[in-house]
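Worksheet: one structure, shown below.
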Amino acid sequence: MDTTDGLPETAEAAEAAGAAGAEGLRERKKRQTRAALSQATIALSVRRGWDDVRIEDIAAAVNVSERTFRNYFSSKAEAVAATHLDRMLRVTRRLEARPADEPLWESIRTSVQAEFAPEPPEGSPPVDSAGVKRHTEAIWKVLSEPAVQGEVMRADLEAQVLLAAAIGARTGTDPQADLYPKLVAASVGAAIGTALTHWLRADPPVPLGPLISEVLEQLTAGLPAPARGGS
């Protein structure tokens, strides 16, 4: 759009700008509804168990119709995977926004940690280890459902394509023709998955933040073998 003082030059342009703004609001509302349905699916499944949650229960929790749920997702499993996919897409957008002269792996670490391991707010209450353990065990049960595993795998592959494109743009490589951006994207996805699995299965519970930091540091260092007797 051509402008002089920051305002549209014509009434037609002004109308088009208003339509674009309205479309932006609609898209934002769609994203919010989609995210709410995904999070409700996870929360209800963790609380009740996978088999005791119906699509109509999820829709009711978000105050929408069952038809609305089906407009966004084909199944409960797809709804669960959507939260992971959206988080990975935010990682990609954060990476795209990092300074162009920042080292790639520093940008990746910053982007991943901002989404998966943000700093807890000051004054947060002490962690209830027993409560955390019950919660992570319930999440693991949901993620162990074959349908959920399939949808999470599909979401990971979709996210890797977009992450590889962002890595290609930063490194001057072609995510279609070159191996490097695809390899980095797959490595980042595998590292995040490994940290999440370790976090969910740890007994006693461990915080996720240090695990995310460790796997990314190991990748950045080239996965050196630990000293004999080390962890």
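The values are calculated or read from the model by the stated rules, or taken from the named source; none is laboratory data. Note that the structure is predicted; figures quoted are calculated from it, not measured. Glycine gets a Cβ as well: all are built from the backbone with ideal geometry, and neighbour counts include every protein chain shown. Heads up: the accessible areas ignore ligands, DNA and RNA and are worked out on the full protein's heavy atoms, side chains in. Shrake-Rupley method; radii C 1.70, N 1.55, O 1.52, S 1.80 Å.
Tabulated data
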| quantity | calculated |
| --- | --- |
| Rounded to whole Hz, the Karplus (6.51, -1.76, 1.60) HN-Hα couplings of the stretch 62-73, x for glycine and proline | 9, 6, 10, 7, 4, 4, 4, 3, 6, 5, 9, 9 |
| Solvent-accessible area per residue for the stretch 148-190 (1.4 angstrom probe, square angstrom) | 52 |
| Of all accessible heavy-atom area on the stretch 96-221, the percent that carbon and sulfur account for (1.4 Å) | 59 |
| Computed E for SER129/GLN218 - FRET, C-beta separation, R0 22 angstrom, nearest 0.05 | 0.30 |
| Per-pair calculated FRET efficiency, R0 = 25 Å: ALA227 and TRP105 via Cβ, rounded to 0.05 | 0.65 |
| Paramagnetic reach from LYS30 (point 7 Å along Cα→Cβ, amide N under 16 Å) across the stretch 52-84 | 68-74 |
| Convex hull projection area averaged over all views, the stretch 177-231, Cα basis, nm² | 4.6 |
| Percent breakdown of C-alpha pair distances by 5 Å bin, ordered from the shortest bin, for the stretch 122-218 | 2, 12, 16, 17, 18, 14, 9, 7, 3, 1 |
